[in-house]
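Asks: Structure in C-alpha coordinates, see below.
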Amino acid sequence: MVTVKPCQEEDIALLREHIPTPGQPERHTTRFERQQHGHSTFLIAWAGALPVGAGELLWRGCSAPEINQHYPDCPELNGLDVWPPELRSRGIGTALIAAAEKLAHQHGRHRIGLGVDDGNPRAAALYLRLGYRETGRHYLDRYAYVDSDGTRHEIADPARFLVKDLP
Ligand SMILES: CC(C)(COP(=O)(O)OP(=O)(O)OC[C@H]1O[C@@H](n2cnc3c(N)ncnc32)[C@H](O)[C@@H]1OP(=O)(O)O)[C@@H](O)C(=O)NCCC(=O)NCCS
(Lines give C-alpha, C1' and ligand atoms only; values in the text may rest on other atoms or scores of the structure.)
Protein backbone atom coordinates (compact mmCIF):
# COMPACT_ATOMS: atom_id res chain seq x y z
CA MET A 1 0.00 0.00 0.00
CA VAL A 2 1.47 3.35 -1.00
CA THR A 3 0.48 6.94 -0.44
CA VAL A 4 1.22 9.64 -2.98
CA LYS A 5 1.96 13.21 -1.90
CA PRO A 6 3.57 16.33 -3.34
CA CYS A 7 7.26 16.58 -2.47
CA GLN A 8 8.27 18.66 0.53
CA GLU A 9 11.71 20.18 0.99
CA GLU A 10 12.61 17.76 3.78
CA ASP A 11 11.92 14.81 1.42
CA ILE A 12 14.83 15.65 -0.88
CA ALA A 13 17.52 14.02 1.27
CA LEU A 14 15.52 10.77 1.41
CA LEU A 15 14.89 10.89 -2.33
CA ARG A 16 18.62 11.29 -2.99
CA GLU A 17 19.33 8.34 -0.73
CA HIS A 18 16.69 5.98 -2.12
CA ILE A 19 15.88 6.94 -5.72
CA PRO A 20 18.98 7.23 -7.92
CA THR A 21 19.15 9.72 -10.78
CA PRO A 22 22.22 8.52 -12.74
CA GLY A 23 24.14 11.35 -14.38
CA GLN A 24 21.66 13.92 -13.08
CA PRO A 25 22.73 14.52 -9.46
CA GLU A 26 20.45 17.52 -8.95
CA ARG A 27 17.36 16.03 -10.58
CA HIS A 28 15.25 15.79 -7.41
CA THR A 29 16.19 19.33 -6.38
CA THR A 30 15.44 20.70 -9.85
CA ARG A 31 12.04 19.07 -9.82
CA PHE A 32 11.29 20.40 -6.36
CA GLU A 33 12.29 23.92 -7.45
CA ARG A 34 9.99 23.72 -10.47
CA GLN A 35 7.18 22.86 -8.07
CA GLN A 36 8.10 25.81 -5.84
CA HIS A 37 7.82 28.10 -8.86
CA GLY A 38 4.34 26.75 -9.60
CA HIS A 39 5.35 25.07 -12.85
CA SER A 40 4.72 21.51 -11.67
CA THR A 41 3.66 19.22 -8.87
CA PHE A 42 6.38 16.75 -7.95
CA LEU A 43 4.56 13.65 -6.73
CA ILE A 44 6.26 11.11 -4.48
CA ALA A 45 4.97 7.60 -3.72
CA TRP A 46 5.69 6.45 -0.18
CA ALA A 47 5.75 2.97 1.33
CA GLY A 48 5.69 3.97 4.97
CA ALA A 49 8.66 6.30 5.48
CA LEU A 50 10.45 5.22 2.28
CA PRO A 51 10.07 6.96 -1.09
CA VAL A 52 9.48 4.26 -3.72
CA GLY A 53 8.52 6.24 -6.80
CA ALA A 54 8.12 9.67 -8.29
CA GLY A 55 6.64 11.56 -11.21
CA GLU A 56 6.27 15.19 -12.14
CA LEU A 57 3.05 16.79 -13.35
CA LEU A 58 4.13 19.65 -15.60
CA TRP A 59 1.34 22.19 -15.65
CA ARG A 60 2.55 23.83 -18.88
CA GLY A 61 2.49 20.52 -20.69
CA CYS A 62 5.10 18.68 -22.67
CA SER A 63 8.34 20.63 -23.06
CA ALA A 64 8.82 19.45 -26.67
CA PRO A 65 7.52 22.31 -28.85
CA GLU A 66 6.29 19.91 -31.51
CA ILE A 67 3.85 18.49 -28.92
CA ASN A 68 3.14 21.62 -26.89
CA GLN A 69 1.88 23.55 -29.91
CA HIS A 70 -0.89 20.96 -30.31
CA TYR A 71 -1.58 20.39 -26.58
CA PRO A 72 -0.84 23.72 -24.86
CA ASP A 73 -3.40 23.22 -22.08
CA CYS A 74 -2.67 19.58 -21.40
CA PRO A 75 -0.51 18.96 -18.29
CA GLU A 76 2.05 16.23 -18.79
CA LEU A 77 3.00 13.52 -16.32
CA ASN A 78 6.74 13.26 -16.82
CA GLY A 79 9.59 11.07 -15.60
CA LEU A 80 7.62 8.33 -13.87
CA ASP A 81 9.90 6.01 -11.98
CA VAL A 82 9.38 3.27 -9.42
CA TRP A 83 12.46 2.30 -7.44
CA PRO A 84 13.87 -0.23 -6.59
CA PRO A 85 12.94 -2.36 -9.64
CA GLU A 86 11.76 -5.22 -7.38
CA LEU A 87 8.84 -2.99 -6.38
CA ARG A 88 7.61 -2.61 -9.97
CA SER A 89 4.44 -4.33 -11.17
CA ARG A 90 2.80 -3.92 -7.75
CA GLY A 91 0.61 -0.96 -8.56
CA ILE A 92 2.87 1.90 -7.46
CA GLY A 93 3.06 3.40 -10.95
CA THR A 94 -0.71 3.14 -11.26
CA ALA A 95 -1.11 4.93 -7.91
CA LEU A 96 1.16 7.77 -9.09
CA ILE A 97 -0.80 8.10 -12.33
CA ALA A 98 -4.14 8.10 -10.47
CA ALA A 99 -2.88 10.82 -8.12
CA ALA A 100 -1.74 12.95 -11.07
CA GLU A 101 -5.09 12.55 -12.80
CA LYS A 102 -6.97 13.52 -9.63
CA LEU A 103 -4.80 16.58 -9.17
CA ALA A 104 -5.22 17.68 -12.79
CA HIS A 105 -8.98 17.29 -12.43
CA GLN A 106 -8.95 19.32 -9.19
CA HIS A 107 -7.09 22.05 -11.06
CA GLY A 108 -9.90 22.19 -13.61
CA ARG A 109 -7.98 20.45 -16.38
CA HIS A 110 -9.94 18.27 -18.77
CA ARG A 111 -7.17 16.03 -19.96
CA ILE A 112 -3.71 14.85 -19.10
CA GLY A 113 -0.90 13.61 -21.31
CA LEU A 114 2.31 11.67 -21.10
CA GLY A 115 5.13 10.73 -23.38
CA VAL A 116 6.48 7.27 -23.81
CA ASP A 117 9.73 6.33 -25.51
CA ASP A 118 9.48 4.02 -28.52
CA GLY A 119 11.74 1.58 -26.67
CA ASN A 120 9.41 1.22 -23.68
CA PRO A 121 6.47 -0.96 -24.81
CA ARG A 122 5.69 -2.20 -21.27
CA ALA A 123 5.15 1.32 -20.01
CA ALA A 124 3.03 2.09 -23.09
CA ALA A 125 0.96 -1.03 -22.42
CA LEU A 126 0.28 0.18 -18.87
CA TYR A 127 -0.81 3.65 -20.02
CA LEU A 128 -3.09 2.28 -22.74
CA ARG A 129 -4.62 -0.10 -20.19
CA LEU A 130 -5.32 2.88 -17.93
CA GLY A 131 -7.28 4.69 -20.64
CA TYR A 132 -4.64 6.78 -22.38
CA ARG A 133 -5.02 6.97 -26.15
CA GLU A 134 -2.69 7.46 -29.05
CA THR A 135 -2.49 10.98 -30.47
CA GLY A 136 -0.36 10.00 -33.47
CA ARG A 137 2.09 12.72 -32.40
CA HIS A 138 5.77 11.75 -32.29
CA TYR A 139 8.66 13.80 -30.93
CA LEU A 140 12.18 13.64 -29.57
CA ASP A 141 12.40 13.29 -25.80
CA ARG A 142 15.50 15.40 -25.04
CA TYR A 143 17.57 15.25 -21.88
CA ALA A 144 21.21 15.31 -20.80
CA TYR A 145 23.30 13.38 -18.32
CA VAL A 146 26.93 13.35 -17.22
CA ASP A 147 28.75 10.01 -17.19
CA SER A 148 31.29 8.80 -14.61
CA ASP A 149 34.14 10.39 -16.66
CA GLY A 150 32.43 13.75 -16.43
CA THR A 151 31.39 13.74 -20.10
CA ARG A 152 28.03 15.31 -20.83
CA HIS A 153 25.73 13.41 -23.18
CA GLU A 154 22.77 14.99 -24.96
CA ILE A 155 20.07 12.41 -25.65
CA ALA A 156 17.08 12.63 -27.99
CA ASP A 157 14.96 9.50 -27.72
CA PRO A 158 12.10 9.01 -30.19
CA ALA A 159 8.83 9.06 -28.26
CA ARG A 160 5.11 9.45 -28.76
CA PHE A 161 2.48 11.41 -26.87
CA LEU A 162 -0.60 9.83 -25.28
CA VAL A 163 -3.56 11.63 -23.71
CA LYS A 164 -6.48 10.77 -21.46
CA ASP A 165 -9.69 12.78 -21.13
CA LEU A 166 -10.59 13.39 -17.50
CA PRO A 167 -14.18 13.14 -16.29
C1 LIG B 1 6.69 2.23 -15.82
C2 LIG B 1 6.58 2.19 -14.28
C3 LIG B 1 6.62 3.62 -13.74
C4 LIG B 1 5.25 1.56 -13.94
O5 LIG B 1 5.18 1.48 -12.53
P6 LIG B 1 4.77 0.06 -11.86
O7 LIG B 1 4.66 0.31 -10.41
O8 LIG B 1 5.72 -0.98 -12.31
O9 LIG B 1 3.38 -0.12 -12.56
P10 LIG B 1 2.15 -0.94 -12.04
O11 LIG B 1 2.59 -1.97 -11.07
O12 LIG B 1 1.11 0.04 -11.60
O13 LIG B 1 1.71 -1.60 -13.38
C14 LIG B 1 2.58 -2.62 -13.93
C15 LIG B 1 2.71 -2.46 -15.39
O16 LIG B 1 3.65 -1.44 -15.72
C17 LIG B 1 4.26 -1.76 -16.96
N18 LIG B 1 5.73 -1.70 -16.88
C19 LIG B 1 6.45 -0.88 -17.64
N20 LIG B 1 7.76 -1.01 -17.39
C21 LIG B 1 7.91 -1.95 -16.44
C22 LIG B 1 9.03 -2.51 -15.77
N23 LIG B 1 10.31 -2.14 -16.05
N24 LIG B 1 8.80 -3.45 -14.81
C25 LIG B 1 7.54 -3.81 -14.55
N26 LIG B 1 6.44 -3.30 -15.14
C27 LIG B 1 6.60 -2.38 -16.10
C28 LIG B 1 3.76 -3.11 -17.37
O29 LIG B 1 2.72 -2.94 -18.32
C30 LIG B 1 3.24 -3.66 -16.08
O31 LIG B 1 2.25 -4.56 -16.28
P32 LIG B 1 2.59 -6.09 -16.03
O33 LIG B 1 3.04 -6.16 -14.60
O34 LIG B 1 1.29 -6.74 -16.28
O35 LIG B 1 3.66 -6.40 -17.00
C36 LIG B 1 7.72 1.37 -13.63
O37 LIG B 1 7.65 0.04 -14.07
C38 LIG B 1 9.11 1.92 -13.88
O39 LIG B 1 9.62 2.71 -13.08
N40 LIG B 1 9.75 1.48 -14.97
C41 LIG B 1 11.10 1.96 -15.30
C42 LIG B 1 11.11 3.44 -15.67
C43 LIG B 1 10.12 3.72 -16.79
O44 LIG B 1 10.04 3.00 -17.75
N45 LIG B 1 9.38 4.82 -16.63
C46 LIG B 1 8.35 5.22 -17.57
C47 LIG B 1 8.79 6.33 -18.42
S48 LIG B 1 7.51 6.73 -19.63
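The values are calculated or read from the model by the stated rules, or taken from the named source; none is laboratory data. Computed from a predicted model, the values in this text were never measured in an experiment. Backbone-built Cβ (ideal geometry, glycine too); neighbour counts: all protein chains shown. Quick note on the areas: whole protein, heavy atoms, side chains included, nothing else; ligands and nucleic acids left out. Shrake-Rupley method; radii C 1.70, N 1.55, O 1.52, S 1.80 Å.
Asks: So, residue 119, is that one within 13 Å of the ligand (Cβ to nearest atom) and farther than 25 Å from residue 2 by Cα or not?
Replies: When the stated conditions are applied, residue 119 passes them.
Asks: Of these, 86, 134, 76, which one is open to solvent by 60 Å² or more (accessible area, probe 1.4 Å), within 13 Å of the ligand (Cβ to nearest atom) and among the acidic types (Asp, Glu)?
Replies: Details: 134 fails: within 13 Å of the ligand (Cβ to nearest atom); 76 fails: open to solvent by 60 Å² or more (accessible area, probe 1.4 Å).
86 is the lone residue from the list that is open to solvent by 60 Å² or more (accessible area, probe 1.4 Å), within 13 Å of the ligand (Cβ to nearest atom) and among the acidic types (Asp, Glu).
Asks: In addition: Having 2 or more residues that are within 14 Å of residue 41 (Cβ to Cβ) is the bar; report the helices (runs of 4 or more DSSP H) wholly within segment 53-167 that clear it. Before the answer, list the steps.
Replies: On the way: elements: 65-68, 92-106, 121-129.
In segment 53-167, the matching helices (runs of 4 or more DSSP H) lie at 92-106.
Asks: If the requirement is being away from the ligand (no atom under 15 Å from the Cβ), among the β-branched types (Val, Ile, Thr) and in contact with a strand residue (DSSP E or B) (Cβ under 9 Å, 6 or more places away or on another chain), which of these qualifies: 146, 163? Write out each step before concluding.
Replies: Values: 163 fails: away from the ligand (no atom under 15 Å from the Cβ).
Among 146, 163, only 146 is away from the ligand (no atom under 15 Å from the Cβ), among the β-branched types (Val, Ile, Thr) and in contact with a strand residue (DSSP E or B) (Cβ under 9 Å, 6 or more places away or on another chain).
Asks: Residue 43 - would you say it is under 12 Å from residue 7 (Cβ atoms) and crowded, with 17+ Cβ neighbours inside 10 Å?
Replies: Numbers: under 12 Å from residue 7 (Cβ atoms): yes; crowded, with 17+ Cβ neighbours inside 10 Å: yes.
So residue 43 passes the test.
Asks: Test of understanding: among 114, 58, which residue is under 24 Å from residue 32 (Cβ atoms), open to solvent by less than 50 Å² (accessible area, probe 1.4 Å), more than 10 Å from the ligand (Cβ to nearest atom) and within 14 Å of the chain's Cα centre (by Cα)?
Replies: On the way: 114 fails: more than 10 Å from the ligand (Cβ to nearest atom).
That would be 58, the only listed residue that is under 24 Å from residue 32 (Cβ atoms), open to solvent by less than 50 Å² (accessible area, probe 1.4 Å), more than 10 Å from the ligand (Cβ to nearest atom) and within 14 Å of the chain's Cα centre (by Cα).
Asks: Does segment 147-162 include one or more residues that are of a type in the set (Phe, Trp, Tyr) and under 15 Å from the mean Cα position of the chain (by Cα)? Working first, answer last.
Replies: To start, the set of residues in segment 147-162 that are of a type in the set (Phe, Trp, Tyr) comprises 161.
Within this subset, residues satisfying the condition of being under 15 Å from the mean Cα position of the chain (by Cα) are 161.
Yes: one or more hits.
Asks: Using the structure shown, decide if residue 81 is open to solvent by 40 Å² or more (accessible area, probe 1.4 Å) and more than 13 Å from the chain's Cα centre (by Cα).
Replies: On the way: open to solvent by 40 Å² or more (accessible area, probe 1.4 Å): yes; more than 13 Å from the chain's Cα centre (by Cα): no.
Against the criterion (open to solvent by 40 Å² or more (accessible area, probe 1.4 Å) and more than 13 Å from the chain's Cα centre (by Cα)), residue 81 does not qualify.
Asks: List the pairs whose first member sits in segment 149-161 and is aromatic (Phe, Trp, Tyr), whose second member is open to solvent by less than 50 Å² (accessible area, probe 1.4 Å), and whose Cβ atoms are under 8 Å apart, counting only residues at least 6 apart or on separate chains?
Replies: 161/62; 161/67; 161/71; 161/113; 161/114; 161/115; 161/135; 161/139
Asks: Moving on. Would you confirm whether any residue within segment 16-25 is at pLDDT below 95, part of a loop (DSSP other than H, G, I, E, B) and open to solvent by 70 Å² or more (accessible area, probe 1.4 Å)?
Replies: Yes, the conditions are met somewhere in segment 16-25.
Asks: Of the numbered conditions (1) open to solvent by 40 Å² or more (accessible area, probe 1.4 Å); (2) in contact (Cβ under 8 Å) with a residue 24 or more places away in the chain; (3) within 19 Å of residue 7 (Cβ to Cβ), residue 109 fails exactly one; give the number of that condition.
Replies: Only one criterion in (1) open to solvent by 40 Å² or more (accessible area, probe 1.4 Å); (2) in contact (Cβ under 8 Å) with a residue 24 or more places away in the chain; (3) within 19 Å of residue 7 (Cβ to Cβ) is unmet by residue 109, namely (3).
Asks: Another question about this same structure. Please work out if residue 97 is within 11 Å of the ligand (Cβ to nearest atom) and either closer than 23 Å to residue 35 by Cβ or more than 17 Å from the chain's Cα centre (by Cα) (or both).
Replies: Details: within 11 Å of the ligand (Cβ to nearest atom): yes; either closer than 23 Å to residue 35 by Cβ or more than 17 Å from the chain's Cα centre (by Cα) (or both): yes.
So residue 97 passes the test.
Asks: Oh, and also: Let me confirm something: among 56, 9, which residue is within 21 Å of residue 140 (Cα to Cα) and acidic (Asp, Glu)?
Replies: Residue meeting the stated conditions: 56.
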